[in-house]
Structure formats: C-alpha cells, structure tokens
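Let me begin by presenting the structure, written as structure tokens, before commenting on it.
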Amino acid sequence: MKKIFFTVISIYVFATTASAQIPQGTIFAGVTSNLSYSSTSFDVTDDNQNIFNIDLNGGYFIGDNILLGATFGYSSFSFGDIDEFDDSATNYGIFGRYYVNGQIFLGLGYQAVKPEDIDAIGSIPFEAGYAAFITDDITIEPSISYAIGVGDNESDTFVFNIGFGIYFNN
C-alpha cells in the first residue's frame, strides 16, 4: 500500500506544473493492455504457455475533467497442444474518471469477465494513472489498478497497465 501511495504522490508532484483541463464535450478513445502477453517454455515439456490481453475504451467528458465511459476487451490463454488449457474471455464494463490538472486520473468502475465455458464474474476496479500528452490530442497512459471481486468472484487483482488515448475536441 505504501508503494501505491508513493507512486500516486510522485505522479501528482511531477504533474502539478500543468493546470490544464479537459473540457466538457471531449470524446475519448483508447486502447489498453496490462502487458500480460507472455510466452513461457518449460524444461519438462515442449509446450509453451501463451497469454494475451487487450482492452478498447471509449467515453465522453460530461464536465470539465469528468469522464464516463465503457470498455470492451479480449484475453486469450493457451498451454501448448493441451486443449483443456486453451481458453479466451471477453470483458466489458463501465467506468468513470476524474482528471486532476488534466493529466492525473483517478477512476472507478464495474467490469465483468466472461470466459467461454462459465458464467461472467464481476469486479470493481479502482484506477490511478497519468495521461502524458505527447501531442495536443494523443496520450500515453500508464496506470495501476486494483480490482475487488464481487459476487462469486473471490479474487482481488493488482495490475500495471499501459495505454494510448486520443482526446477529440480537446
């Protein structure tokens, strides 16, 4: 928890030199991945483990620095030629973000993940990140999120994400 707090405070200190706002009416489109693509080989077998994740995000600024949006994503998991370990999942949800100085964002939402063979499971993700504008409209967005499982989902998840965003009408 201390590391999360330190990270958020550090991002805030570096970003306080800007006092920009993202105006009401701006449309946001982005793509995010939790950098979870991996391909792992094991000495005891010739099989590889592969994982890939990507999310598409879109939203609308209902007020200055206040974004409401939706997300849709896809994940794929496989372990060599073993069919029992090949699976994919879609996820969908809604989220809200508040931007401090138009760059640091704090978010909250609801997300459901639907693997192929079981019912969807839900979570409530909390997010903190930084929108680093590389042009007036395009950002690189590193963030951290912590999701609390709800309903039958008893797992909590901590993830580092990296994304790219486009802010139309900014």
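Set the Förster distance to 25 Å, then compute FRET efficiency between ILE134 and SER76 from the Cβ-Cβ distance, nearest 0.05.
Details: r = 29 Å, r/R0 = 1.16.
In this case the efficiency is close to 0.30.
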Low-density loop positions, GluC sites (Glu not before Pro), the stretch 116-170 - DSSP coil, at most 12 other Cβ in 10 Å: GLU116, GLU154
- line: A chain fully extended from LEU68 to GLN24 at 0.36 nm per residue, minus the present Cα-Cα distance, gains in nm 14.7 nm
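FYI, it's all coordinate maths here, none of it is from the lab. Worth saying up front: this structure is predicted, and the values here are computed from it rather than measured. Here the Cβ is made from the backbone with ideal geometry for all residues, glycine too, and neighbour counts use every protein chain on show.
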